[in-house]
Amino acid sequence: QVQVVESGGGLVQAGGSLRLSCTASGTILSINAMRWFRQAPGKLRELVAGITGGGSTDYRDSVKGRFTISRDNTNNVVYLQMNNLKPDDTAVYYCNLLGPAGNYWGQGTQVTVSS
């Protein structure tokens, strides 16, 4: 059974950094695309960053140059390094696994950026 678990959220001041981790079990990480989404109160869930099985990455415009997605296939972990955080980055961040194993979501981790 595939499971996806996020960690690393928290409270940080504007300009600070956080690193989110997403651990996948029950499948081989390298054959799946991994994506980070976020959802702020009252807003739709939005795609933040993605990384394909081949390692290609993509970001929404508002986080380009500040966020970096990476993967450690040996340990089945995907990271989202978030630098220069802004209050608008405040949201619940979700990890998503999409591929031969199916479409799976984690439970989410809260990121709060204070001004």
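A few points about this structure:
- Reported count of residues in the stretch 43-53, each being open to solvent by less than 30 Å² (accessible area, probe 1.4 Å) and touching a helix residue (DSSP H, G or I) at 6+ places or on another chain (Cβ under 8 Å), is 2.
- Residue among E46, E6 that alone is touching a residue at least 60 places away in the same chain (Cβ under 8 Å) and of a type in the set (D, E): E6
- Answer residue from the stretch 97-115, given it is open to solvent by less than 30 Å² (accessible area, probe 1.4 Å) and touching a Cys at 6+ places or on another chain (Cβ under 9 Å) and is nearest to S30 (Cα to Cα) among those: L97
- Residue ranges of strands (runs of 3 or more DSSP E) in the stretch 32-78 with at least 3 members at pLDDT 95 or above and touching a Lys or Arg at 6+ places or on another chain (Cβ under 9 Å): 33-39, 46-51
Every residue, every condition in (1) open to solvent by 70 Å² or more (accessible area, probe 1.4 Å); (2) free of Cβ contacts under 8 Å to residues at least 12 places away in the same chain; (3) within 17 Å of V111 (Cα to Cα); (4) among the β-branched types (V, I, T), yes or no:
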position	(1), (2), (3), (4)
V12	no, no, yes, yes
G55	no, no, no, no
D58	yes, yes, no, no
K64	yes, yes, no, no
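- Considering L85, L80, the condition of being within 20 Å of A24 (Cβ to Cβ) and open to solvent by less than 50 Å² (accessible area, probe 1.4 Å) is satisfied by L80 alone.
The values are calculated or read from the model by the stated rules, or taken from the named source; none is laboratory data. The structure presented is a predicted model; accordingly, all values stated were derived computationally and were not measured. We place every Cβ from the backbone using ideal geometry, glycine too, and count neighbours over all the protein chains shown. Heads up: the accessible areas ignore ligands, DNA and RNA and are worked out on the full protein's heavy atoms, side chains in. Shrake-Rupley method; radii C 1.70, N 1.55, O 1.52, S 1.80 Å.
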